[in-house]
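Quick notes on the structure that follows.
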Amino acid sequence: VRHLVVVLGDQLDADSAAFDGFDPEQDAVLQMEVTDEATYVPQHKMRIAFFFAAMRHFRADLESRGRVVHYVRLDDPANTGALDSEVARHQAALQPQATIVLEPGDWRVREGLRKLPQQLEFRADRHFLCTADEFDAFTERHPRPIMETFYRAMRRKTGLLLDESGRPVGGSWNFDAENRKGFGKSRPPIPVARSYAPDAITRDVLKLVSARFSNSPGKLDRFDLPVSRVDALTELSDFVAWRLSLFGTYQDAMLTDEPFLYHSRLSGALNLHMLDPREVVQAALANRNAPLNALEGFVRQIIGWREFVRGIYWQRMPDYADANALDANLPMPRFYWTGETDMRCLAQAIGHTIDHAYAHHIERLMVLGLFAMLLGVRPYDVHQWHMSMFHDAIDWVSLPNTLGMSQHGDGGVVGTKPYAASGHYIDRMSDHCRNCRYDPKQATGDKACPFTTLYWSFLAKHRRRFANNGRMRNQYANLERRSAAEIRAIRSHADTIAAAML
Ligand code: FAD
Ligand code: SF4
């Protein structure tokens with residue numbers, strides 16, 4: 001073998017830079033299913049199955065293009081169980097002149113591969129629109145980088161949603177103010193989520209996962225994720241046709257037993273590189289009937305947030321993982337693994353996660369993440385729980401979103417203020433509170449909503465850090481309206497809640 005091209009589970013793109021110059025006559029591909037990657041944190045069965053099923057479909061795709069693939073199955077008796085040892089084993093057996101791999105999406109994996117005695121050639125991943133050098137140049141110009149500034153630079157770079165004179169279409173860069181609607185009494189129909197019935201390849205994987213990972217969290221019985229490029233493209237068309245138009249308007253809304261609403265459900269396919277972000281954005285923009293608030297909101301998530309968090313991750317690792325600006329040290333409450341809580345909003349969001357290895361952004365940020373932050377859970381533990389439970393979680397995207405955006409553990413790198421809110425916010429954006437035994441308006445007493453209690457207690461506890469943050473002025477003005485005795489009672493109730501979680 002001349003070149004051995006290593007393809008990791010989140011690099012499933014037959015046109016990636018790793019294949020530049022690939023000669024089917026002399027070169028070969030290596031793909032590996034290894035126990036280490038499926039167990040370094042406990043992992044949702046659906047997440048393991050998603051990766052393995054997508055990898056096996058990708059192998060079939062490569063073979064149909066005449067590329068030789070050395071595919072290590074999890075149950076292969078020769079499998080040594082780790083990425084680095086499998087690469088080394090194949091280097092020894094195949095004696096390639098060069099071993100090529102795309103830059104991995106996980107700092108831990110990259111370090112493992114870098115330490116191999118027979119060195120690998122790492123190639124930059126052009127799946128992303130912003131290179132590490134471009135991001136460094138951006139943060140040199142903006143030493144306190146803000147996503148919105150980065151996003152505008154990306155709009156200028158790509159020319160997306162700009163008119164001929166380079167101004168933003170519609171006269172504004174951002175239409176988020178139109179994207180915060182909850183569902184009132186009359187609500188538009190919610191499209192039925194498309195289901196991708198497992199084929200023979202996926203059924204084999206499901207059997208393997210059921211047998212080998214029976215103790216892993218989450219359920220497998222509803223597995224219907226797109227696991228090939230063809231299915232991923234179908235999901236993209238389905239989103240553009242049926243959900244995109246209302247994506248913006250109801251982006252922040254939550255509804256009982258509706259895990260997907262108008263969200264795209266494309267994160268898994270994007271993060272495994274079955275889809276390219278450019279084609280995703282172009283498909284959305286081709287929908288001439290979609291309103292600007294939906295198009296702009298969607299484009300911002302893909303070329304703004306997704307690229308921004310990746311830039312932060314690679315620029316700040318490995319120290320970033322240890323950040324704990326709010327000195328939060330409680331462990332993750334046990335009910336995050338089971339959904340057994342009488343807090344209705346959390347039971348719903350965790351239930352969606354257990355059933356689908358998915359929850360939409362507002363459930364992740366303003367329910368699951370919010371509660372952990374208000375309670376004071378160690379940010380890295382929250383990230384590890386995310387890595388365990390979400391099918392789309394890769395370190396580069398989960399860590400900045402979880403430790404940074406949702407826990408404020410980075411002290412204000414990803415977001416300039418913590419996403420702190422009380423039960424009142426959840427009440428406004430969902431139908432959960434009216435079916436809950438707690439009352440979002442009450443901060444003390446039997447019926448006090450734990451979010452509301454913990455919210456006021458959080459503001460009081462971190463007064464010194466946040467009271468002068470201009471974006472939190474109103475929140476602190478409201479806190480100051482409460483008497484010292486009220487705040488003492490709230491903080492004592494917050495302590496009782498925290499103690500009950502341990
Ligand atoms: P949509 O709501 O339809 O959004 C469209 C696309 O935009 C997504 O598919 C995604 O590719 C991109 N996107 C939107 N927001 C973000 C963001 N903040 N960061 C990066 N990309 C974004 N996303 C992941 O892909 N993997 C994760 O592990 C992950 N962990 C998260 C943890 C927390 C605590 C939070 C608050 C967010 C996390 N996100 C993560 C971002 C976002 O919540 C998911 O991308 C989104 O919910 C996936 O569902 P969707 O495809 O239906 O997204
Ligand atoms: Fe959640 Fe509080 Fe509303 Fe219950 S009352 S659903 S705990 S926000």
Go over the candidates 343, 373, 387 one by one and state the one that is of a type in the set (A, V, I, L, M, F, W, C) and within 13 Å of ligand 2 (Cβ to nearest atom).
-> 343
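For every residue, the table says whether it meets (1) away from ligand 1 (no atom under 16 Å from the Cβ); (2) surrounded by 17 or more Cβ atoms within 10 Å (Cβ to Cβ).
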position	(1), (2)
399	no, yes
413	no, yes
433	yes, yes
438	yes, yes
457	yes, yes
463	yes, no
478	yes, no
483	yes, no
Looking at the range 177-275, what helices (runs of 4 or more DSSP H) fall wholly within it and have at least 2 residues that are within 15 Å of ligand 1 (Cβ to nearest atom)?
-> 229-242, 244-247, 267-271
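Kindly indicate whether any position in the range 357-364 is touching a residue at least 40 places away in the same chain (Cβ under 8 Å) and either more than 12 Å from the chain's Cα centre (by Cα) or within 14 Å of ligand 2 (Cβ to nearest atom) (or both).
The initial filter retains those residues of the range 357-364 that are touching a residue at least 40 places away in the same chain (Cβ under 8 Å), namely 357-364.
Next cut, either more than 12 Å from the chain's Cα centre (by Cα) or within 14 Å of ligand 2 (Cβ to nearest atom) (or both) only: 362-363.
Yes, there is a match, as at least one residue in the range 357-364 is touching a residue at least 40 places away in the same chain (Cβ under 8 Å) and either more than 12 Å from the chain's Cα centre (by Cα) or within 14 Å of ligand 2 (Cβ to nearest atom) (or both).
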Can you run down the residue pairs with Cβ atoms below 7 Å, 6 or more apart or on separate chains, where the first is in the range 380-398 and outside the structural domain of residue 351 (by TED's automatic domain parsing) and over 17 Å from residue 218 (Cβ atoms) and the partner is in a helix (DSSP H, G or I) and of a type outside the set (Val, Ile, Thr)?
-> none
May I ask you to list the residues in the range 1-38 that are acidic (Asp, Glu) and crowded, with 18+ Cβ neighbours inside 10 Å?
-> 10, 13, 27, 33, 37
Looking at (1) at pLDDT below 95; (2) crowded, with 20+ Cβ neighbours inside 10 Å, which is the one condition that is false for residue 232?
-> (1)
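Here is a yes/no grid of residues against (1) assigned by TED's automatic domain parsing to the domain that holds residue 390; (2) on the phi > 0 side of the Ramachandran plot; (3) hydrophobic (A, V, I, L, M, F, W, C):
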| residue | (1), (2), (3) |
| --- | --- |
| 248 | no, no, no |
| 253 | no, no, yes |
| 257 | no, yes, no |
| 261 | no, yes, yes |
| 269 | no, no, yes |
| 272 | no, no, yes |
| 275 | no, no, yes |
| 284 | no, no, yes |
In the range 336-351, residue nearest to the chain's Cα centre (by Cα) [restricted to those that are surrounded by 23 or more Cβ atoms within 10 Å (Cβ to Cβ) and within 23 Å of residue 180 (Cβ to Cβ)] | 349
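The values are calculated or read from the model by the stated rules, or taken from the named source; none is laboratory data. Predicted, not measured: the structure shown is a model, and the values here were computed from it. Positions of Cβ are generated from backbone atoms using ideal geometry, with glycine treated the same way; all protein chains shown enter the neighbour counts.
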